[in-house]
Amino acid sequence: MIETSLYEQVIIAGFGGQGVILAGKLLAQMAMTAGHEVTYMPSYGAEVRGGTANSMVVIADEPIAAPLVTIPDVAIILNAASFHKFTPHLKTGGLLILNSSMVQETVERDDIEVVAVPVDDIANNLDSPRSANMAAIGAYLQKHGLMNPDLAAQCLPDVLAQRYHKTIPVNTQAIQKGAEYVREHYS
Amino acid sequence: MQTIFERTPTLKDCPTHYCPGCGHGIAHRLISEVIDELDITSRTIGIAPVGCAVLAYNYLDVDMIEVAHGRAPAVATGMKRVHPDKIIFSYQGDGDLASIGAGEILHAVHRAEHITVIFINNAVYGMTGGQMAPTTVEKQITQTTPRGRDHNNEGFPLQVSEILAVMPGTIYVERCSVSNPGQVRHTKKSIKHAFELQMKNAPGLSLVEILSPCPTYWRMSPSQAMEWIEEVMVKSFPLCCLKDLSQS
Amino acid sequence: MSEKILMCGNEAMAEAAIRAGMDAYFGYPITPQNEVTAYMARRMPEEGRVFVQSESEIAAINMVFGASAVGARTMTSSSSPGISLMQEGISYLAGARLPAVVVNIMRGGPGLGNIAPSQSDYFQATRGGGHGDYRTIVLAPASVQELVEMMYLAFDLADLYRVTVVILGDGFLGQMMEPVDLDKRPAPRDLPVKDWALTGADGRKQNIVRSLWLQDGVLEEINLELQATYRQIEANEVLCEHYGTEDADFVLVSYGIMSRIVRSAVRKARCEGIKAGWIRPITLWPFPYEQINAVADEPRIFLTVEMSYGQMLDDVKLAVAGKCPVLFYGRAGGAVPTVEEVLGQIKKLAVPVA
Ligand SMILES: Cc1ncc(C[n+]2csc(CCOP(=O)(O)OP(=O)(O)O)c2C)c(N)n1
């Protein structure tokens, strides 16, 4: 069956300002660099204001059908509103990366794998609260092994605007810390 | 306990979708208070523009319509001609009124329609993400003037109220702001005056322009935005009564 | 060496237009294509070319009219409500035989609708849209890469035939990011000199650009010339691709982003032993009537899938000309048929009749 080839659909969701758009872009950039097919779709327009924002990334080794992700293989969830919105749609056997610093809800489903990582705390410990998104990406990469966390650091300059390049070291650290947390608690 | 502030009935009891520090909410409240004080809820029809205020009917509890971008004065004309006894007002942004709808407002004034226009000037297109509006001031940076508005390329801020004031079809034109409590009170008085003129069937269009903050796309804090109105914006858009024929 | 970079459709298309030699861009903000206007505001002045934010779409298309009349490569872009406003101008472009490129990043309608992706402007795009007997070439890209390559093609076709070329995309194509190679472009066409352009009657006879023809019979002549051009376009410029149509019992027809969803559904159906295939019109006008008609020579069932409630469906029926049944599945207003839904539709058809 062709179905066994790589076709991973990822949703990253949180509220505006948590960096879900950047996190998605980083994943997409990495996938492209690693030679995969990739699409990246951000939420856009009025939706972005106030409410939840999300980005959808599809990584595959065949032409990608659609950038829209309705039944994700992976959900990286940074706040409670997104938890309620996306957890029910996660594929059976799917992976839920949860920001346990902010989401206290208990997961009702037992057919998915849950990896709870306090990404806000990790970022705060680095004195860089806005790097929580990167810690979450690190956790995901460590868990799934699809791509190496080192590649993430390598791709950061391509997705960050020039004026934020000074944050590359701390964001790289956040990626590593997120990966480390998963290594320590989930292996 | 003494109640010192009460929501006026025409303003619905619900949170708005506006960004923190946006001026639309204040303008909505003032209009609602005026409608209630004049007791015209039952015969007022409002026109919501295309722009951030497109959902104004969710907040103002009077009959309302949503119309195509810029065409509110034409729609208002149709309404007022059919129902001269109704109080018709359009609520329009600066993109809506001064750009795509410049023709419609000009000709509503040209025909001296007996309608009231509330014109929200926030110097940008809010809804679409902060592009240049005709009212964007010189040097102001927007999504489509990344180097700042330069009159050699984009011309000068468009002072629509001044233009309309010289036309015989307007009866009352005033520019106010919501940048401090005193101005807010004055703005309310102006809105009330404009509605009253229409109620008296005064011969012409009444327009109140309101300088209104958009902290999100000015990339400022709400308080900085209020200061920016008073320090920068009023230089291109001086606050004053441009015309009031009701006195003569 | 050319290298792939990650870009959203709106920006990639804008950059491609610049590289295709566009001299002037005019536009009015509207979601989901604001990135085009913003990109042009930044890049066109860098290239010493023309960018104007117009006061409305009516003005934008008329600015295009003017720029085209003086010989410039020019375009505008918008989304559904704005494209509706441009219809008058597009009719005038056709009447005056001026080349232009118009990009429509379709959103949900009717009316103000919403800003979600949609394919509901098919009729408007493929039937002319404004008044009078005219057509516009309509190109329907399915990926950011194709969007880029079609910009080059669009400007060439517009200049070659002196017509408006519409790029019909949707909110997905505009907003999504994909790896793209900006240097990949179709072979350039041999283009005629624009000797009709208004450049000043310096040592030559006066040029006139017009669409009003009052003398007896003249407008008919003009129309016949236009029709001759359209027949030429129909003969030479049809683009379409297909898969599995040799043995397919079920042939799915779709365009743009929808064709990618259909492609996946068909692949899955094949995995399950269902003989499905697909046809994807790349030009929506000229429409691949002959190609589809040929596939309908064998008994099979056609299923048209759209992000609308059945618009291209009419063209598929015209193409099939009654030889086979033509069914429809579609959703719109922001809803998008998923791979699973389309697969379900195929399976429903594949249930053997008892
Ligand atoms: C025909 C058409 N063109 C463009 C748009 C997109 N659009 C929606 S709101 C808007 C500008 C609104 O700006 P303004 O009137 O200043 O109001 P604000 O959002 O700042 O309150 C535009 C261009 C549209 N809805 N219809």
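The values are calculated or read from the model by the stated rules, or taken from the named source; none is laboratory data. Here the structure is a predicted model, which is why all the values come from computation and not from measurement. Note that each Cβ is placed from the backbone with ideal geometry, even for glycine, and that neighbours are counted across all protein chains shown. Accessible surface areas use protein heavy atoms only, side chains included; no ligands, DNA or RNA. Shrake-Rupley method; radii C 1.70, N 1.55, O 1.52, S 1.80 Å.
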Response to the item:
Computed for C with B: buried accessible area summed over both chains, 1.4 Å probe, rounded to 100 Å², at 1300 Å²
Worksheet, complete the sentence: Phi-derived 3J(HN,Hα) across region A:96-106 with the Karplus relation (6.51, -1.76, 1.60, θ = phi - 60°), rounded Hz, x for Gly and Pro, is 10, 9, 10, 7, 6, 5, 10, 9, 9, 4, 8
Worksheet item: At a 1.4 Å probe, which residues in region C:6-26 are at least 20 Å² less accessible with all protein chains present than in their chain isolated?
Response: C:L6
Discussion item. With angles folded into 0 to 90 degrees, how steeply does helix C:144-161 sit against the dominant principal axis of chain C? Use alpha carbons for both and round to 10.
Written reply: 50 degrees
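Per residue of B:118-128, how many C-beta atoms from partner chains lie within 10 Å of its own C-beta, taken as a mean?
On the way: counts 0, 0, 0, 0, 0, 0, 0, 5, 1, 6, 12.
Taking all residues of B:118-128 together, the mean is 2.
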Practice prompt. Would you work out which of C:L157, C:G169, C:Y134 lies farthest towards the positive end of the dipole of region C:124-189, given +1 charges on the beta-carbon of Lys and Arg and -1 on that of Asp and Glu, about the Cα centre?
Written response: C:Y134
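Using helices alone, I'd like the mean residue ellipticity at 222 nm for chain C: each DSSP H run of four-plus residues gives -39500 (n - 2.57), total over residue count, nearest 500.
On the way: 12 runs with 144 residues, N = 354.
After summing the helix terms and dividing by the residues of chain C, the value is -12500 deg cm²/dmol.
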Practice prompt. Under a 10 Å cutoff between Cα atoms, tell me which one of C:I167, C:I208, C:I105 has the largest fluctuation in the Gaussian network model of chain C.
Written response: C:I208
Worksheet item: Quick one: Karplus J couplings for region C:319-333, per residue in order, coefficients 6.51, -1.76, 1.60, θ = phi - 60°, nearest Hz, x for Gly and Pro?
Response: 5, 6, 6, x, 6, 9, x, 10, 9, 9, 9, x, 9, 8, x
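How big is the dipole moment of region B:24-247 about its Cα centre under a simple scheme where the beta carbon of each Lys and Arg is +1, that of each Asp and Glu is -1, and everything else is neutral? Debye, nearest 20, please.
Using only the charged Cβ atoms, the result is roughly 180 debye.
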Fill in: Surface accessible to a 1.4 Å probe, per residue, for the residues of chain C, Å²
38 Å²
Response to the item:
When the charge dipole of region C:241-350 is computed with +1 on Lys and Arg Cβ and -1 on Asp and Glu Cβ about the Cα centre, the Cα farthest towards its positive end, among C:I279, C:Q345, C:Y243, belongs to C:Q345
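For B:D61, C:D181, C:D133, what's the largest-to-smallest order of accessible area, 1.4 Å probe? Before the final figure, lay out the partial values.
Details: B:D61 85, C:D181 20, C:D133 110 Å².
Ranked from most to least accessible, the order is C:D133, B:D61, C:D181.
Return the equivalent ellipsoid semi-axes of region B:77-125 as a descending list in whole Å, where each equals the square root of 5 times an eigenvalue of the C-alpha gyration tensor. Kindly include the intermediate steps, with their values, before the conclusion.
On the way: eigenvalues 94, 28, 10 Å².
Semi-axis lengths for region B:77-125 are 22, 12, 7 Å.
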Worksheet item: Rounded, prolate or oblate: which fits the protein assembly as shown, taking a ≥ b ≥ c as square roots of the Cα gyration tensor eigenvalues, rounded meaning a/c under 1.5, else prolate when a/b beats b/c?
Response: oblate
Fill in: Most positive-pole-ward Cα, B:H151, A:S82, C:Y255, against dipole of the protein assembly as shown from beta carbon charges
B:H151
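Would you calculate a helix-derived [θ] at 222 nm for chain B, using -39,500 (n - 2.57) for each DSSP H run of n ≥ 4 and dividing by the full residue count, to the nearest 500? Display every interim value, and only then the final one.
Values: 8 runs with 74 residues, N = 248.
The helix-only estimate for chain B comes to -8500 deg cm²/dmol at 222 nm.
Give, rounded to the nearest 20 debye, the magnitude of the charge dipole that region C:188-277 has about its Cα centre when Lys and Arg contribute +1 at Cβ and Asp and Glu contribute -1 at Cβ. The partial results should precede the final answer.
On the way: 12 positive and 14 negative charges, 110 e Å.
Its charge dipole is roughly 520 debye.
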Worksheet item: Expressed as a rounded percentage, what relative contact order does chain C have, with Cα pairs under 8 Å and six or more residues apart?
Response: 17 percent
Worksheet entry | Amide H contacts under 5 Å for B:M127, placed H, 5+ residues apart | B:C52
Response to the item:
XL table C:K268/C:K348; C:K268/C:K347; C:K323/C:K348; C:K275/C:K347; B:K192/B:K243; Cα-Cα > 18 Å flagged, in table order, is C:K323/C:K348
Discussion item. Suppose each label sits 7 Å from its Cα in the direction of the beta carbon; what would the C:L219-B:R111 distance come out to in nanometres?
Written reply: 2.8 nm
Practice prompt. Among C:L226, C:L198, C:L98, determine the one that fluctuates most according to a GNM of chain C built with springs between C-alpha atoms less than 10 Å apart.
Written response: C:L198
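What dipole magnitude, in Debye to the nearest 20, does the protein assembly as shown give about its Cα centre under +1 on Lys/Arg Cβ and -1 on Asp/Glu Cβ? List each step's numbers first, then the result.
Working: 64 positive and 86 negative charges, 206 e Å.
For the protein assembly as shown, the charge dipole is close to 980 debye.
Which of the chymotrypsin sites (Phe, Trp or Tyr not before Pro) found in region C:279-354 are loop residues per DSSP with 16 or fewer other Cβ atoms within 10 Å of their Cβ?
Values: sites: C:Y289, C:F302, C:Y309, C:F328, C:Y329; in loops: C:Y309.
Those satisfying the criteria are C:Y309.
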Worksheet item: Simple spin-label model, 7 Å along Cα-to-Cβ: C:D190 to C:E341 in nm?
Response: 4.8 nm
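Quick one: grab the alpha carbon gyration tensor of region C:167-251, order the square roots of its eigenvalues as a ≥ b ≥ c, and give me rounded if a/c is under 1.5, else prolate or oblate depending on whether a/b is larger than b/c. Display every interim value, and only then the final one.
On the way: a/c = 2.64, a/b = 1.68, b/c = 1.57.
Judged from the Cα gyration tensor, region C:167-251 comes out prolate (a/c at least 1.5, a/b above b/c).
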Worksheet entry | region A:54-133: C-alpha gyration tensor shape, a/c 1.5 cut-off, then a/b vs b/c | oblate
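Do any chymotrypsin sites (Phe, Trp or Tyr not before Pro) in region B:1-76 lie in a DSSP loop with no more than 15 other beta carbon atoms within 10 Å, and if so, which?
Those satisfying the criteria are B:F5.
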Worksheet entry | Heavy atoms of C:C8 accessible to a 1.4 Å probe, total area in Å² rounded to 10 | 10 Å²
Discussion item. Can you give me the distance in nm between label points at B:T3 and C:S211, each placed 7 Å from the Cα along the Cα-to-Cβ direction?
Written reply: 6.0 nm
Discussion item. Skipping prolines and chain starts, which residues have an amide H placed within reach, meaning under 5 Å, of the one on C:T304, given they are 5 or more residues away or on another chain?
Written reply: C:V253, C:L327, C:F328, C:Y329
Worksheet entry | Amide H contacts of C:W285 (H built 1.01 Å from N, under 5 Å, at least 5 apart or other chain) | C:V138
Worksheet item: So, with a 1.4 angstrom probe, what is the percent of accessible area on chain B that is carbon and sulfur?
Response: 56 percent
Response to the item:
Relative contact order as a percentage, region C:241-350, C-alpha pairs under 8 Å and 6+ apart, gives 30 percent
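What's the Kirkwood radius of region C:241-350 in Å, using all Cα pairs?
On the way: mean 1/r = 0.0742 Å⁻¹.
Kirkwood radius, region C:241-350: 13.5 Å.
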Worksheet item: Mind checking how much accessible area A and C bury in total, 1.4 Å probe, in Å² rounded to 100?
Response: 1900 Å²
Worksheet, complete the sentence: Diffing region B:19-29: the Karplus 3J(HN,Hα) column from phi (6.51, -1.76, 1.60, θ = phi - 60°), in whole Hz with x for Gly and Pro, holds 5, x, x, 6, x, 4, x, 4, 4, 4, 4
Worksheet item: Most fluctuating residue of C:Q145, C:Q87, C:Q215 in a GNM of chain C with Cα springs under 10 Å: which is it?
Response: C:Q215
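Can you give the mean number of other chain Cβ atoms that lie within 10 Å of the Cβ atoms in peptide B:60-70? Write down the numbers at each step before the final one.
Working: counts 0, 0, 0, 0, 0, 0, 2, 2, 5, 8, 4.
Partner-chain Cβ atoms within 10 Å, mean over residues of B:60-70: 2.
Assuming 0.36 nm per residue, please report the length gained on full extension of the stretch B:K12 to B:E227 beyond their Cα-Cα distance.
On the way: separation 215, 0.36 × 215 = 77.40 nm, distance 2.91 nm.
That pair, B:K12 and B:E227, stretches by 74.5 nm at full extension.
Could you pull out the GluC sites (Glu not before Pro) across region C:254-337 that fall in loop regions by DSSP (anything but H, G, I, E, B) with no more than 13 other Cβ atoms inside 10 Å? It would help to have the intermediate numbers written out before the result.
Values: sites: C:E272, C:E290, C:E306; in loops: C:E272.
Of the GluC sites (Glu not before Pro), the ones in loops of region C:254-337 whose Cβ has at most 13 other Cβ atoms within 10 Å are C:E272.
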